[in-house]
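To start, the structure itself, in structure tokens.
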Amino acid sequence: MAIQNIQSYSYKNIFSLQTVQFQKFCVVNSPQQIEQFKIFWIKEGSGTYNIDFKSYSFKGNTLFFLSPGQVFSVVSEKMKEIYQLSFTRDFYCLQAHDTEVACNGVLFNNVYETPFVFPSENEAEKLNFILLSLVEEFELEETAQHDMLQSLLKQFIVYSVRMKEEKDVVKENIETKLFKDFSLLVELNFTKLHSVTDYANRLGLSPKSLTKHFKKIGTQTPSDFIKSRIITEAKRLLLYTNKAIKHIAFELGFNDPAYFSRFFTKATGSSPKEFKKNYSL
């Protein structure tokens with residue numbers, strides 16, 4: 001049997017840690033739609049994953065982060081040692097802690113850039129110390145366990161944000177701050193608001209000015225950004241729910257299901273019905 005050891009720790013089904021070690025490199029394949037926030041630390045392994053219908057490859061010591069609703073599937077992978085942290089909004093609310101931690105839209109709730117983080121040897125030692133502390137706290141079951149576990153998870157996330165910012169040289173200038181504010185605003189409102197003007201007004205800018213700011217950082221236009229988020233959600237709903245296409249259209253803010261179908265077809269090259277049929281094969 002390839003799996004040598006699996007250890008699982010859980011707190012009231014709202015926070016858990018799982019460690020898996022293999023006797024030899026083992027292929028794991030479990031396509032799924034993510035239901036909780038997840039942090040994967042692949043200490044030894046390599047592979048290619050599809051995350052929200054885009055392909056990403058990695059090799060070696062790698063961290064990556066998934067949010068509820070994201071679609072995750074394995075193209076290929078060879079695993080030796082992995083860790084998985086899972087938590088719900090009830091256990092740790094990203095929005096409530098974002099002023100302190102600044103991970104929302106950077107590590108999590110970021111469907112535009114899947115954030116892989118590659119720890120150095122020294123950084124890996126710090127993360128490993130936190131994991132060992134988590135295991136110890138899970139096993140103690142002492143008073144205020146919730147607070148202690150939450151504090152350790154927060155430390156893990158803070159270290160991850162620091163690594164991400166250092167390696168990507170994230171500059172908090174006007175454009176990058178605006179991009180983050182815009183992306184979070186879209187995440188909260190894309191099922192109701194579809195026009196650039198709607199978002200520009202909320203940011204205190206004109207649509208033309210917002211577009212100019214986006215050009216400075218070399219990203220897609222605000223209009224394409226909004227469309228991309230709608231299409232990603234449409235794909236999720238088509239593949240992972242049994243909702244009728246017209247109901248999906250209404251859920252995404254389209255009053256006319258026929259217009260939604262044209263919108264989807266133009267963006268993907270296939271109709272919603274064709275996409276559901278072909279991708280499910």
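Here, each number is a calculation from the coordinates, and none is a lab measurement. Keep in mind that this is a model prediction, so the values were computed, not measured. No Cβ is skipped: glycine too gets one built from the backbone with ideal geometry, and neighbour counts run over all protein chains shown.
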task = Using 0.36 nm per residue of separation minus the Cα-Cα distance, give me the extension gain between Gln7 and Glu44 in nm, one decimal.
result = 11.6 nm
FRET E, pair Lys212, Ser55, Förster distance 45 Å, beta-carbon r, rounded to 0.05 = 0.90
query = Sorted by mean Cβ packing within 10 Å, highest first, what order do the peptides 211-222, 36-47 take?
reply = 36-47, 211-222
key: Net lengthening on full extension, His247/Ile14 (0.36 nm per residue, minus Cα-Cα)   = 80.8 nm
key: Length released on extending from Gln32 to Asp198, taking residue separation times 0.36 nm less the Cα-Cα span   = 56.4 nm
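Sorted by mean Cβ packing within 10 Å, highest first, what order do the peptides 81-93, 122-134, 152-164 take?
Result, highest mean Cβ count within 10 Å first: 152-164, 81-93, 122-134.
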ask   = What ranking, highest mean first, results for peptides 225-234, 248-257 when packing means the other Cβ atoms within 10 Å averaged over each residue?
value = 225-234, 248-257
